[in-house]
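A short reminder: the numbers here are calculations on the coordinates, not readings from a lab. Owing to the predicted nature of the structure, the values given are computational and were not obtained by experimental measurement. In this analysis, Cβ positions are derived from the backbone assuming ideal geometry, glycine residues included, and neighbour counts consider all displayed protein chains.
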Amino acid sequence: MADQKLRILAFGAHADDLELQCAGTLARWANAGHYLVMATATWCKFGSYELSLDECSRLRHAEAAQSAALIGAEYKALMFPDDGVNPYDSEQQQQVVELIRQTRPDVIVTHAPTDYHTDHTNVNELVKWTGPVLGIPQYVTESEALNYTPALYFMDTINGRHFEPTDYVDISDTIEIKLKMMDCFQSQIGFLTRYFDFDVLEQIETVARYRGIQAGVRYAEAFQRYGGAGWGNLTIHYLP
Ligand SMILES: [Zn+2]
């Protein structure tokens, strides 16, 4: 994978999910010259004790765009309702198919089916739903149907629970940039600390160290390849 220039789509439910769960790997891919799109499914209106819903949404997407810019990734947002991601909604299905077709990714990274938030697990379901139609021209969206099958990977769950990795990526050299990307979310760091009663930057470091011990490196991120029919088999196993 290191020698080929690839297109990668990382798709999370909320602004900051990708930073928490796979940004060390995204930074590593960016350093290798791969083309990256970081996309968020929802409005992100919830996530503040002080701001109005619209102010919160605007700020969180601005923070996500700032974080993506740190590694030269493009940022996109689909604006599905918060707590309303619905894998059976034909409009949402259509928009996710179009996102994938316009990005034309070799690799898609999204949430695991065992993650903690229903928006996360529903994004997982939505992406899996697209598999059988991405290459079907009769399922019409603005961009052309794919003529290949992208590989699909699930990123680690928020704290590594209920997740059996198939692939690890050594992020020892990119954990600093991962923490800087998370640090762009000043609106969320205080909120998450108060809401979940833990330090989110400490949580990132602890999970990366825990996955690093499993992988035999200092810091790592864990992934699970989805082997369902209709998805490619490109490996992202990426250790020294
Ligand atoms: Zn989330």
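Structure above, values below:
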| quantity | calculated |
| --- | --- |
| Net charge contributed by nearby residues that have their C-beta within less than 13 Å of Tyr153 (K/R +1, D/E -1) | -2 |
| For segment 62-208, fraction of C-alpha pairs farther apart than 22 Å, in % | 49 percent |
| Residues whose placed amide H lies under 5 Å from that of Lys45, excluding near-sequence neighbours | Asp82 |
| Most positive-pole-ward Cα, Tyr116, Tyr75, Gln186, against dipole of the chain from beta carbon charges | Tyr75 |
| Karplus 3J(HN,Hα) series, Hz, for segment 106-117 with 6.51 cos²θ - 1.76 cosθ + 1.60 (x for Gly, Pro) | 7, 10, 10, 10, 8, 5, 7, x, 9, 6, 7, 10 |
| Segments 75-83, 140-148, 216-224 sorted - mean Cβ within 10 Å per residue, highest first | 216-224, 75-83, 140-148 |
| Paramagnetic label zone (point 7 Å from Cα along Cα-to-C-beta, Gln102; backbone N under 20 Å) in segment 128-166 | 128-131, 133-148, 150 |
| 3J(HN,Hα) from dihedral phi, segment 173-189, Karplus parametrisation 6.51/-1.76/1.60, rounded to Hz, x for glycine, proline | 8, 10, 5, 5, 5, 4, 5, 5, 4, 5, 5, 5, 8, 4, 5, 9, 4 |
| Antiparallel bridges, percent of DSSP beta bridges restricted to the chain (to nearest 5) | 25 percent |
| Cα-centred dipole magnitude for segment 105-180, charges only on beta-carbon of K, R (+1) and D, E (-1), debye, nearest 20 | 160 debye |
| Expected 222 nm ellipticity per residue - DSSP helices of 4 or more, -39500 (n - 2.57), all of the chain, to 500 | -13000 deg cm²/dmol |
| Among Pro87, Pro132, Pro150, residue whose mean-square fluctuation peaks in a GNM of the chain (springs only between Cα atoms under 10 Å) | Pro132 |
| Peptide ranges 186-197, 36-47 listed from the most packed, as the mean C-beta count within 10 angstrom indicates | 36-47, 186-197 |
| Length added when fully stretched, Asp54-Thr206, from 0.36 nm per residue minus Cα-Cα | 51.4 nm |
| Inter-site label distance for Asp173 and Met79 at 7 Å from Cα along Cβ, in nm | 3.9 nm |
| Linear extension gain, His162 paired with Gln66, 0.36 nm per residue minus alpha-carbon span | 31.5 nm |
| Debye, to nearest 20: dipole size of the chain, +1 on Lys, Arg Cβ, -1 on Asp, Glu Cβ | 580 debye |
